[in-house]
Amino acid sequence: MSDLGTLYYINVVAMVVIGLYIVLTKRNVLKILIGLDILGTGVNLLIVVIGYIEGGTAPIYTAGISPAKFVDPLPQALVLTAIVIDAAVLAMAISIAVRLYREFGTLDVRKMRLLKW
Amino acid sequence: MIIEIILTIVLIVSLIVAAETRDLLVAIVALGIIGLIVAIYFYLLQAPDVAMTQAVVGISLAAAFYILGVRRTKRFEEE
Amino acid sequence: MVTIVPSLIIASLLGGAFVMTAVAPFIRRMTKYVPSIVLLFNVLISLRLLLKSTNEPVVEFIGGWEPPYGINLVAGPMGSFLALIISLIAFLISLSFLKYEPTVEEVKFMILFMLSVLGASGLVLTGDIFNLFVFLELMTISAYALVAYGRGGEGAEAGFKYLLAGSVAANFYLISVILIYASLGSLNMADLVSRMTMLKYGVALASMLFLVIGFATESELFPLHGWAPDVYTGAPPSVAAFVSGVLVSASLYVLARFFYTVFAELNALRSEMFAILMLLGVLTAIFGETVALVQRDYRRMLGYSSIGAAGMILVGLVSEIPYAFIGALLLIVAHGFAKVPLFMMSKHLEENYGTRDMEKVKGAFKANSKLAIPLVAGSLTILGMPPFLGFWGKLLLIYGLALKYPIIALIILLASIVEAAYYLRMLHRLVIQDGELKKQIKIDTVELVIYYAFLALLIILGILPMLLSPYLAGAFIELSNPSFYIKVAMGVMGG
Amino acid sequence: MKKLKYVYKIAGLAIAVLLGYMLLQALMEIPFGTNRMFVAERFIFEEPYEVGAANTVTAIVVNYRGFDTLGEVTVLFIAATGVALLLHRERGIRLAPTETTLVVKTGARVLLPAVLLVGLYIFVHGHLTPGGGFPGGVIVASALILMYFAYEEYVAPRSMLHLLEGIAGLVFVIVGILGIIVYGRFLQNVFPLGDFGRLFSAGFIPIVYVAIGTKVGSELAGIIHDMIRRGGESE
């Protein structure tokens, strides 16, 4: 376990924890979505960190670089998918938030009580 | 290593700002900084494709969505 | 000649959705037929796959890359059985689109409905854990929009809650996937089975816990069910039925698939997790059925009843007893089929009386025997009365459980009795009791067709459950016998 | 009431920290920076012969795991459709019409082709350089945002966007079905691999990336359009 790895893991865990904290405790719809975004970004970072190999190079064939030094390309492919999915969820969430604001005149989830929890 | 330590500190500060500010636009800017730092991490971790997608989709596009959302609703969190 | 492969289900739904988008601005009227045609095609394809599944199950290597390198779709007995049920429910729901001249929004609604079906079908067929994440997102993201399309604030609120719970759950599942990949370097379920022993204890525990939290949320298990009652109340009726009958069942399947097949080699941890899941299931059943007892809102009552049913199904799925497992599968079918007419009937209450409060609509269906028959039949199915399919489900579930866990069997039996109490009370209010309401409800033929089609299916399968038995037994073998699954998924058998 | 709020906050924080601790515990058992590739080895070493793209990530995204990408494209399609579905009831004028000067308008007109070209370049060269369909599509869509900033009366041709996204999606599906027809397997490559490192190489990757780029571009343009305009006009 190198120090660099610990540092990256701390980054990941900080993002996951704060993201979850925002989602669980904040009352503003858009703020909750920001928390969700932070959580998702943290997970994405984790995926790329997992694929890194010390001293590796980007997995693109270029003259003078041996493919034996490539970092793991598969997690990178997965992250590309995950980033786009996060953006799609965000777009959908924002439009739901806009509708919530129109229906309730507020973004505070405490004041939306048509349906009991 | 030094770069990563500085970035980690900035990231954690931005996380706290994003969590605690009542001004949503400030939170969005903080989120943008977080996204940017993560994009730099992606670049450092030898993932240029991901860094590019993160910069374009994860930062710019997400910020655009948030700002459009804020403009159609409210900028400040209620007490 | 195109060979019958599972991806045809995916491709036809996608193609249909894209065609609808492209032509909708120009010839909107024709688009309403697309979902029904495509879904009927899917019913036929999945029926064909199911018939082949016991002898020579079809496995497709997408892109021609064999596992573990590529993604495979596995149409074993389990996957194709669920795919058939999903297509069938979706096809019958899609018939209800035929009655309108669709507006721009209704076209979009149909497209999203098809894509949600696509997600659910892919979820039960895929043999790759990351691909499963993609299909999970497909299924749930389109469901968020469908739910939020419900009327006024209720719909938007329910959609938001669902989105929140669903996205956090999906992220947890993704953490679990990446922890597994980080240790084992592979994403294919069949390939992972034998490598699982290389998993370190902490990693295995964390990935299992994140998986359980994620999918317990998706399958509305207590105490993570927070989104579910609201979705069942706020969503459009057909969507509520779809979420209850299809999305939840598909999520429950994923839990079973992981803990039976993928984690099969991690015996000690796995049996602890089975105990936790069993406990969750029992708690969910108790909680759902008790809370349903005090509901006055027709749809909220059905919603809590769905939560209770999810608990019962989970108990059966994770019990490792063949009878109980098969009973749970039958309950998935019975519950999915019966809840669609029941949920869709709430529309008549809302449209004709402006409320769903059962105290205020006493005798609502008394003068409408055409509606009362499917209502009574659907309720009796859920109660587990013969000659409906639900009878066999409940019977096998409780009998199977009694063999090994008599106390749990007793609890499930008690929960069923509570269930009977409130369903009978509901029937009494709506069908038997005299109210001031004597209104003749206008019913669309298409809706009647849907109700009676489900009714017919429930009776036919209830009288002839042996039609399903080879596939149900096959499903249990496929799940509980990893070496069989590996053979199927790697294409050694048939394919 | 105030006390309750703190209880709630602390409980939320406790759950978050607990889950984070669990994750950290698991991560401590996963050494950082070591090579643990199993499946990926083949992707790296065999890819030039099997897929023929210089960019290994692209080869995985579009070919080995093309099915995921099809799903990903569909997720974005769902988002575009869902946003349009949910925001349709808002009738009225465009949100925040912009007052712009001649400089901005001229600038936009000059920049527009350049932005479109950059986007196009990125998604056409996806199999050779970093980037690909998604970033390329986003850049194409940003051209539309530019138009919105510059011209207050600008309205995107929504039906054309729908047609484009539908057709682009169909191209992807048809490429997949060609695989079924020829080999009985969805998304199997039926196009020649060509010379390694050239523009027209790597089988169906350029075709699929152009389809993805077009689709992503038109979808995001649609989403932005639906969010900025209050969706009043009929289509």
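Anything in segment A:50-71 that is under 19 Å from B:A51 (Cα atoms) and either surrounded by fewer than 13 Cβ atoms within 10 Å (Cβ to Cβ) or of a type in the set (S, T, N, Q) (or both)? List them, or say none. First the steps, then the outcome.
If we filter segment A:50-71 for residues that are under 19 Å from B:A51 (Cα atoms), which is where we start, we get A:50-62, A:70-71.
Once the filter is applied, which keeps residues that are under 19 Å from B:A51 (Cα atoms) and either surrounded by fewer than 13 Cβ atoms within 10 Å (Cβ to Cβ) or of a type in the set (S, T, N, Q) (or both), segment A:50-71 yields A:G55, A:T57, A:T62.
Name the residues in segment C:5-51 that are surrounded by fewer than 17 Cβ atoms within 10 Å (Cβ to Cβ) and either within 8 Å of chain D (Cβ to nearest Cβ) or touching a residue at least 24 places away in the same chain (Cβ under 8 Å) (or both), would you?
C:F26, C:R29, C:Y33, C:L40, C:L47, C:R48
Each row is one residue, and each column tells you yes or no for (1) outside any helix (DSSP H, G or I); (2) in contact with a Ser or Thr (Cβ under 8 Å, 6 or more places away or on another chain); (3) within 30 Å of C:T290 (Cβ to Cβ); (4) small (G, A, S).
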site: C:L397; (1), (2), (3), (4): no, no, yes, no
site: C:I407; (1), (2), (3), (4): no, no, yes, no
site: C:S416; (1), (2), (3), (4): no, no, yes, yes
site: C:A421; (1), (2), (3), (4): no, no, yes, yes
site: C:R425; (1), (2), (3), (4): no, no, yes, no
site: C:V449; (1), (2), (3), (4): no, no, no, no
site: C:L455; (1), (2), (3), (4): no, no, yes, no
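When segment A:1-51 is examined, which residues are found to be of a type in the set (S, T, Y), closer than 18 Å to D:G33 by Cα and without any contact (Cβ under 8 Å) to a residue 40 or more places away in the chain? Give the steps one after another, and end with the answer.
Our first condition is that a residue be of a type in the set (S, T, Y); within segment A:1-51, this holds for A:2, A:6, A:8-9, A:21, A:25, A:41.
Now drop any that are not closer than 18 Å to D:G33 by Cα, which leaves A:2, A:6, A:8-9.
A:T6 - this is the single residue of segment A:1-51 that is of a type in the set (S, T, Y), closer than 18 Å to D:G33 by Cα and without any contact (Cβ under 8 Å) to a residue 40 or more places away in the chain.
Condition (residue is more than 9 Å from every other protein chain (Cβ to nearest Cβ), more than 14 Å from D:I30 (Cβ to Cβ) and among the hydrophobic types (A, V, I, L, M, F, W, C)) applied to segment C:174-189: is it met by at least one residue? Can you show your working first?
Residues of segment C:174-189 more than 9 Å from every other protein chain (Cβ to nearest Cβ): C:176, C:180, C:189.
Then keep just the ones that are more than 14 Å from D:I30 (Cβ to Cβ); that gives C:189.
Keeping just the survivors that are among the hydrophobic types (A, V, I, L, M, F, W, C) gives C:189.
The answer is yes, given that some residue of segment C:174-189 is more than 9 Å from every other protein chain (Cβ to nearest Cβ), more than 14 Å from D:I30 (Cβ to Cβ) and among the hydrophobic types (A, V, I, L, M, F, W, C).
So which of C:L98, C:L112, C:L84 ends up being within 14 Å of another protein chain (Cβ to nearest Cβ) and either in a helix (DSSP H, G or I) or closer than 22 Å to D:I78 by Cα (or both)? Please lay out each step first, then the result.
Details: C:L98 fails: within 14 Å of another protein chain (Cβ to nearest Cβ); C:L84 fails: within 14 Å of another protein chain (Cβ to nearest Cβ).
Result: C:L112 is the single residue among C:L98, C:L112, C:L84 that is within 14 Å of another protein chain (Cβ to nearest Cβ) and either in a helix (DSSP H, G or I) or closer than 22 Å to D:I78 by Cα (or both).
I'd like the full set of residues that are in a helix (DSSP H, G or I), in contact (Cβ under 8 Å) with a residue 24 or more places away in the chain and surrounded by fewer than 18 Cβ atoms within 10 Å (Cβ to Cβ), limited to segment C:427-444.
Taking segment C:427-444 and keeping what is in a helix (DSSP H, G or I), we get C:427-432.
Of the ones still in play, those that are also in contact (Cβ under 8 Å) with a residue 24 or more places away in the chain are C:427, C:429-432.
Selection gives C:I432 alone.
Going by the conditions given, is A:R102 modelled with pLDDT under 90, over 24 Å from the mean Cα position of the chain (by Cα) and either surrounded by fewer than 24 Cβ atoms within 10 Å (Cβ to Cβ) or farther than 30 Å from D:I224 by Cβ (or both)? Walk me through it before giving the result.
On the way: modelled with pLDDT under 90: yes; over 24 Å from the mean Cα position of the chain (by Cα): yes; either surrounded by fewer than 24 Cβ atoms within 10 Å (Cβ to Cβ) or farther than 30 Å from D:I224 by Cβ (or both): yes.
So A:R102 passes the test.
Checking the structure you have, find out if any residue of segment A:80-92 is of a type outside the set (D, E, K, R), surrounded by fewer than 24 Cβ atoms within 10 Å (Cβ to Cβ) and farther than 24 Å from A:Y21 by Cβ.
no
All but one of (1) within 22 Å of the chain's Cα centre (by Cα); (2) surrounded by fewer than 20 Cβ atoms within 10 Å (Cβ to Cβ); (3) among the aromatic types (F, W, Y) hold for C:Y451; which doesn't?
(2)
What number of residues in segment C:172-189 are in a helix (DSSP H, G or I) and out of contact with any Gly (no Cβ under 6 Å at 6 or more places or on another chain)? It would help to see each step written out before you state the result.
First pass over segment C:172-189, keeping only residues in a helix (DSSP H, G or I): C:172-184, C:189.
Imposing the further condition that a residue be out of contact with any Gly (no Cβ under 6 Å at 6 or more places or on another chain) reduces the set to C:174-184.
Number of matching residues: 11.
Taking segment B:17-37 only, how many residues are part of a helix (DSSP H, G or I) and either more than 8 Å from every other protein chain (Cβ to nearest Cβ) or in contact (Cβ under 8 Å) with a residue 24 or more places away in the chain (or both)?
So the answer is 14.
Being more than 7 Å from every other protein chain (Cβ to nearest Cβ), among the aliphatic types (A, V, I, L, M) and in contact (Cβ under 8 Å) with a residue 12 or more places away in the chain, is that true of even one residue in segment A:60-82?
Checked segment A:60-82: no residue is more than 7 Å from every other protein chain (Cβ to nearest Cβ), among the aliphatic types (A, V, I, L, M) and in contact (Cβ under 8 Å) with a residue 12 or more places away in the chain.
Quick one: which residue in C:T290, C:T284, C:T261 is surrounded by 19 or more Cβ atoms within 10 Å (Cβ to Cβ), under 22 Å from C:A338 (Cα atoms) and touching a residue at least 60 places away in the same chain (Cβ under 8 Å)? Walk me through how you get there before you give the answer.
On the way: C:T290 fails: surrounded by 19 or more Cβ atoms within 10 Å (Cβ to Cβ); C:T261 fails: under 22 Å from C:A338 (Cα atoms).
None of the other options fit; the residue is C:T284.
Can you name every residue in segment D:1-31 that is within 14 Å of chain C (Cβ to nearest Cβ) and either in contact (Cβ under 8 Å) with a residue 12 or more places away in the chain or in a loop (DSSP other than H, G, I, E, B) (or both)? Before you say what the answer is, go through the steps one by one.
Kept after step one, since they are within 14 Å of chain C (Cβ to nearest Cβ), are these residues of segment D:1-31: D:11-12, D:15-16, D:18-31.
D:E29, D:I30, D:P31 - these are the residues of segment D:1-31 that are within 14 Å of chain C (Cβ to nearest Cβ) and either in contact (Cβ under 8 Å) with a residue 12 or more places away in the chain or in a loop (DSSP other than H, G, I, E, B) (or both).
Checking the condition of a type in the set (D, E, K, R) and at pLDDT below 90, which residue from A:K111, A:K31 passes? Break it down into steps so the answer makes sense when it comes.
Values: A:K31 fails: at pLDDT below 90.
Residue meeting the stated conditions: A:K111.
Whether any residue in segment C:175-184 is without any contact (Cβ under 8 Å) to a residue 12 or more places away in the chain, of a type in the set (A, V, I, L, M, F, W, C) and within 24 Å of D:M22 (Cβ to Cβ) is what I want to check.
Checking segment C:175-184: at least one residue is without any contact (Cβ under 8 Å) to a residue 12 or more places away in the chain, of a type in the set (A, V, I, L, M, F, W, C) and within 24 Å of D:M22 (Cβ to Cβ).
Here is a yes/no grid of residues against (1) more than 14 Å from chain A (Cβ to nearest Cβ); (2) farther than 20 Å from C:M345 by Cβ:
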{"site": "C:G226", "(1), (2)": "no, yes"}
{"site": "C:Y232", "(1), (2)": "no, no"}
{"site": "C:A235", "(1), (2)": "no, no"}
{"site": "C:V239", "(1), (2)": "yes, no"}
{"site": "C:S244", "(1), (2)": "yes, no"}
{"site": "C:A250", "(1), (2)": "yes, yes"}
{"site": "C:L255", "(1), (2)": "yes, yes"}
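Based on this model, can you work out whether A:V49 counts as more than 22 Å from D:V17 (Cα to Cα) and not hydroxyl-bearing (S, T, Y)?
Working: more than 22 Å from D:V17 (Cα to Cα): no; not hydroxyl-bearing (S, T, Y): yes.
Answer is no for this residue.
For segment D:45-68, enumerate the residues that are at the interface with chain A (Cβ under 7 Å from one of its Cβ atoms) and assigned to a loop (DSSP other than H, G, I, E, B). Write out each step before concluding.
If we filter segment D:45-68 for residues that are at the interface with chain A (Cβ under 7 Å from one of its Cβ atoms), which is where we start, we get D:45, D:48, D:54-57, D:60-61, D:65, D:68.
Selection gives D:A54, D:R65.
For C:E60, all conditions in the list (1) part of a helix (DSSP H, G or I); (2) acidic (D, E); (3) under 27 Å from C:Y181 (Cβ atoms) hold save one; what is the number of the exception?
Going through the list (1) part of a helix (DSSP H, G or I); (2) acidic (D, E); (3) under 27 Å from C:Y181 (Cβ atoms), C:E60 breaks only (1).
Listed residues B:V50, B:V70; which is in a helix (DSSP H, G or I), buried (at least 23 other Cβ atoms within 10 Å of the Cβ) and either of a type in the set (G, A, S) or on the phi < 0 side of the Ramachandran plot (or both)? Full working, then the answer.
Numbers: B:V70 fails: buried (at least 23 other Cβ atoms within 10 Å of the Cβ).
That would be B:V50, the only listed residue that is in a helix (DSSP H, G or I), buried (at least 23 other Cβ atoms within 10 Å of the Cβ) and either of a type in the set (G, A, S) or on the phi < 0 side of the Ramachandran plot (or both).
Across segment C:454-469, what is the total count of residues that are surrounded by fewer than 15 Cβ atoms within 10 Å (Cβ to Cβ) and not hydrophobic (A, V, I, L, M, F, W, C)? First the steps, then the outcome.
Initially, segment C:454-469 is screened for residues surrounded by fewer than 15 Cβ atoms within 10 Å (Cβ to Cβ), giving C:456, C:460, C:463-464, C:466-467, C:469.
Next cut, not hydrophobic (A, V, I, L, M, F, W, C) only: C:469.
So the count comes out to 1.
Could you give every pair whose Cβ atoms fall below 6 Å, whose first residue belongs to segment D:216-233 and is within 12 Å of chain B (Cβ to nearest Cβ) and at positive phi, and whose second residue is at pLDDT 80 or above and not in a helix (DSSP H, G or I), counting only separations of at least 6 or pairs across chains?
Within 6 Å, the pairs are D:G231/D:L87.
Regarding D:R89, is this residue within 31 Å of the chain's Cα centre (by Cα), farther than 25 Å from C:T126 by Cα and either modelled with pLDDT of 80 or more or exposed (fewer than 15 other Cβ atoms within 10 Å of the Cβ) (or both)?
Numbers: within 31 Å of the chain's Cα centre (by Cα): yes; farther than 25 Å from C:T126 by Cα: yes; either modelled with pLDDT of 80 or more or exposed (fewer than 15 other Cβ atoms within 10 Å of the Cβ) (or both): yes.
Judged against the criteria, D:R89 is a match.
Of the conditions (1) closer than 15 Å to D:I205 by Cα; (2) surrounded by fewer than 16 Cβ atoms within 10 Å (Cβ to Cβ), D:Y6 satisfies every one except a single condition; which number is it?
Exception for D:Y6: condition (1).
Kindly provide the set of residues from segment C:140-172 that are closer than 22 Å to A:I22 by Cα and either facing another protein chain (nearest Cβ under 7 Å) or modelled with pLDDT under 90 (or both), ordered by number.
C:I141, C:Y144, C:A156, C:E157, C:A158, C:G159, C:F160, C:L163, C:L164, C:S167, C:V168, C:N171
The values are calculated or read from the model by the stated rules, or taken from the named source; none is laboratory data. This structure is a prediction, so every number in the text was calculated from the model and none was measured. Cβ: placed from backbone, ideal geometry, glycine included. Neighbour counts: every protein chain shown.
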